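Visitor: Submitted below is the structure of interest, expressed as structure tokens.
The values are calculated or read from the model by the stated rules, or taken from the named source; none is laboratory data. Here the structure is a predicted model, which means the values were calculated and not measured. Glycine gets a Cβ as well: all are built from the backbone with ideal geometry, and neighbour counts include every protein chain shown. We work out accessible area using only protein heavy atoms, side chains counted, and drop any ligands, DNA or RNA first. Shrake-Rupley method; radii C 1.70, N 1.55, O 1.52, S 1.80 Å.
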Amino acid sequence: MKLAERTWYEVAEYLDRTQGIFLPCGSTEQHGPIGLIGTDTACAEAIALSAAERTGALVAPPLAYAPAPFNTGFPGTVSIEADLFEALARGILLELYGQGFTRVYLLNGHGANLDPLRSAVAALPPEAICMRSWWDFDGVNELRNEFFGGWEGLHATPSEVAITQSLIRRVSHSDADIEPKALSVEYIAAHSGDRHGPPEEHRAEFPDGRVGSHSALATPELGRRLLATAAEAVAEDYRAFMAAE
């Protein structure tokens, strides 16, 4: 149910029945020795598409370029300024709303998107927006803890790598087999939401790109379970969003 793969006649018919749509948001940035550059976007879009299959919703093309300045010391990362991302997101949300999609479910996959997205969604009435990250749900976090415990970490996590393995391909690299530097509770609290320092300092502290995340623990099977659990949780949340007055 991709918006980009519908004709305008089909969209008009859809809008006669319902006004909801998913908007996935990700990034284009390094994800450690075995994580794909498009991990955040792939996860958000795949979960949105799977939830859309369960609910009959449309899914808009994802926002794949986002703020990730801390990772620009790694090849392949394409970061845009937070204010540019905010303006782009706001413009897309306003256009969707103007086209008749008066209920937009924004599904995020990148921590640094959260602050600019919170500002962007203020352009629409509160009832028009539901914003979630795919890891916000209890069932998803129970699996993340069961599968990976403290090795989930903050970036290039085994959960997101596992999902991309189930979707795209599995990569191996000897660097990923080495346990990364474990993070303290204080570090996690201070840096969650991708609050990291300048790119040179960030790469010096985390030279292989992982931030406390033992991504080698990922497997495609675990990724399939995480994807299905996240999609079901998002679908249930979407139904509640659409039913709200």
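Visitor: At 1.4 Å probe size, with every protein chain present, just tell me what the per residue accessible area of the chain comes to in Å².
Guide: Here the residues of the chain average 45 Å² of exposed surface.
Visitor: What is the distance, in nm, between label points placed 7 Å from the Cα along the Cα-to-Cβ direction at Arg239 and at Ala82?
Guide: 3.7
Visitor: Follow-up. Quickly work out the Ala122-to-Arg224 label distance, labels modelled 7 Å from Cα along the C-beta direction, and quote it in nm with one decimal.
Guide: If labels sit at Arg224 and Ala122, their model points lie 4.5 nm apart.
Visitor: Got a sec to turn the phi values of the stretch 150-160 into Karplus ³J(HN,Hα) couplings, 6.51 cos²θ - 1.76 cosθ + 1.60 with θ = phi - 60°, whole Hz, x for Gly and Pro?
Guide: Values, residue by residue: x, 7, 5, x, 10, 8, 6, 5, x, 5, 6 Hz.
Visitor: What angle, in degrees between 0 and 90 and rounded to the nearest 10, separates the Cα long axis of helix 82-98 from the longest principal axis of the Cα atoms of the chain?
Guide: Approximately 20 degrees, to the nearest 10.
Visitor: Stretch Ser174-Tyr187 to full length: gain in nm at 0.36 nm per residue minus the Cα-Cα span?
Guide: Taking Ser174 through Tyr187 to full extension adds about 2.1 nm, to one decimal.
Visitor: Expressed as an acute angle from 0 to 90° and rounded to the nearest 10, what is the orientation of the C-alpha long axis of helix 138-148 relative to the principal long axis of the chain?
Guide: That works out to roughly 20 degrees.
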